[in-house]
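A quick write-up on the structure given underneath.
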Amino acid sequence: MRFSVVSWLLVGTIFAAEPFRIEVVDRENGWPVPLVELRTTHGTHFVTDNAGLIAIDAPELFGREVFFHVKSHGYGVPADGFGYEGFRVSPTVGGSHRLEVDRRIIAKRLGRLTGAGLFAEAIKLGDMPLLPETGVFGCDSIQLVKHGDRLLHFWGDTTLPRYPLGIFDMTAAVTPPTPLESFEPPLAMNYDHFRDGKGELRGVAKFPGAGPTWLGGFISLPAETGENRLAAYHSKIRNHLEEYELGLCVWDEGKNEFAVQKVIWRAEDGDNKPPMPRGHPLRWTDGGGRTWALFGDPFPELKMPATYESWSDPETWEKIPAPEHPRSAEDGSAVEPHRGSVAWNTHRNKWITVFTQKFGKPSAFGEQWYAEADSPLGPWGPAVKILSHENYTFYNPRIQHEFTPADASFIVFEGTYTAEFADRAVPTPRYNYNQILYRLDLDDPALEPARD
């Protein structure tokens with residue numbers, strides 16, 4: 001039986017109409033859940049946006065019952081008798097379906113902060129006006145510092161729409177000191193990126209030498225001249241991950257970019273690299289009332305008096321013995337940190353840490369842990385796993401304590417979600433190589449084992 005020309009025109013009219021709406025929410029609290037993947041039996045793939053929405057517009061899925069496999073790091077639905085996690089629904093033009101998923105992790109996913117199409121599915125469904133796109137498709141490893149009356153956000157290698165090779169000398173943006181009004185999804189960060197005269201994204205660390213420039217250890221320190229200076233260390237990279245130069249750099253307030261202050265080590269100097277002020281620094285006042293700047297990733301391994309002049313002079317730097325690895329609250333095994341951050345928490349009246357486990361399971365660099373201590377120097381109490389990934393990477397997490405009120409009963413932390421360093425993982429569209437924000441409620445009973 002053949003369709004007439006009129007029939008084909010009618011079909012075209014139907015599928016030019018409103019898509020079928022799927023809304024994915026956390027069963028516990030009704031919050032939208034970003035990064036939930038749905039896949040049909042013939043491999044069509046959909047991913048929820050920051051509003052927890054998917055717009056189904058594939059014409060072959062309408063007018064029949066369709067099974068969708070459900071996959072989401074830390075969230076899921078009960079498996080059926082054959083072990084399939086999914087659901088059945090019959091999509092209709094303009095229709096909708098609400099899917100409730102169970103959270104299987106302690107941390108709650110709030111949403112993606114960077115990249116394109118944060119609300120792409122919502123826009124297809126007509127729920128939100130088109131938000132201005134930043135021009136960022138992907139970016140690596142957040143670094144954050146409060147300098148003056150604003151927050152400065154810095155990222156490493158940045159992917160752009162126009163070509164596979166993007167920006168490799170740090171991109172940056174500004175936000176107000178309290179950039180988020182709500183800590184429930186959906187959310188979006190209103191970044192004001194540094195751009196060139198043509199309005200295009202630009203690097204802020206264009207240093208001499210081939211290869212990417214990576215910066216870290218951002219800190220705003222008082223100087224003898226009376227103002228605060230924004231400082232960081234820099235690393236020049238070749239052969240993917242090989243450092244061949246290390247040094248210090250300072251923010252030029254007039255040009256809104258970093259300039260090299262001094263080079264401390266080059267590859268030709270030999271293999272003995274000096275300790276550098278890396279990681280996410282913090283300030284700490286010791287028992288004698290002296291204030292230090294501590295640097296490490298995640299745990300402090302270097303300290304210096306908290307002044308710009310001391311930071312500028314490696315002779316004032318002191319190495320700190322590394323603490324023992326935290327031990328799992330579940331089985332007592334050592335949990336070797338890869339990278340992470342440490343912050344003081346008023347609600348817990350403790351120093352806290354969120355860090356990535358090195359060679360964890362099921363994901364080698366995707367398992368995140370939480371622990372507490374009386375001192376930023378350790379020792380650290382029992383560690384509790386708060387976030388897990390299935391063959392995917394989530395690295396360089398930072399506790400964004402600047403975002404939240406000082407006495408908040410929760411924290412938020414941000415990290416890089418990427419297929420890099422996983423076992424042939426399939427990159428998640430739009431989300432891959434971008435920053436995702438999570439919330440951790442500190443009074444959650446699941447964290448009780450961390451109270452040593």
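The values are calculated or read from the model by the stated rules, or taken from the named source; none is laboratory data. All values reported here derive from a predicted model rather than from experimental measurement. Glycine gets a Cβ as well: all are built from the backbone with ideal geometry, and neighbour counts include every protein chain shown. Heads up: the accessible areas ignore ligands, DNA and RNA and are worked out on the full protein's heavy atoms, side chains in. Shrake-Rupley method; radii C 1.70, N 1.55, O 1.52, S 1.80 Å.
Quick notes on this structure:
- Total residues in the range 229-246 satisfying the condition of being in a strand (DSSP E or B) and either β-branched (Val, Ile, Thr) or out of contact with any Leu (no Cβ under 7 Å at 6 or more places or on another chain) (or both): the figure is 9.
- Sole exception among (1) in contact with a Cys (Cβ under 7 Å, 6 or more places away or on another chain); (2) open to solvent by 60 Å² or more (accessible area, probe 1.4 Å); (3) under 29 Å from residue 420 (Cα atoms) for residue 242, by number: (1)
- Condition check for residue 112: out of contact with any Gly (no Cβ under 7 Å at 6 or more places or on another chain) and open to solvent by 60 Å² or more (accessible area, probe 1.4 Å): no
- Candidate set from the range 1-60 (those that are modelled with pLDDT of 95 or more and among the acidic types (Asp, Glu)); member that is most open to solvent (accessible area, probe 1.4 Å): 28
- Residue 367 passes every criterion in (1) open to solvent by less than 20 Å² (accessible area, probe 1.4 Å); (2) of a type in the set (D, E, K, R); (3) modelled with pLDDT under 95 apart from (3).
- On inspection, residue 161 fails the criterion of being exposed (fewer than 14 other Cβ atoms within 10 Å of the Cβ), modelled with pLDDT under 95 and not hydroxyl-bearing (Ser, Thr, Tyr).
- Residue satisfying condition, being in a loop (DSSP other than H, G, I, E, B) and closer than 24 Å to residue 152 by Cα, within set 325, 389, 347, 401: 401
- Residue match in the range 305-322 (condition: under 28 Å from the mean Cα position of the chain (by Cα) and among the basic types (Lys, Arg)): no
- Taken together, 192, 169, 127, 196 contain a single residue that is open to solvent by 20 Å² or more (accessible area, probe 1.4 Å), closer than 30 Å to residue 441 by Cα, at pLDDT 95 or above and out of contact with any His (no Cβ under 8 Å at 6 or more places or on another chain), which is 192.
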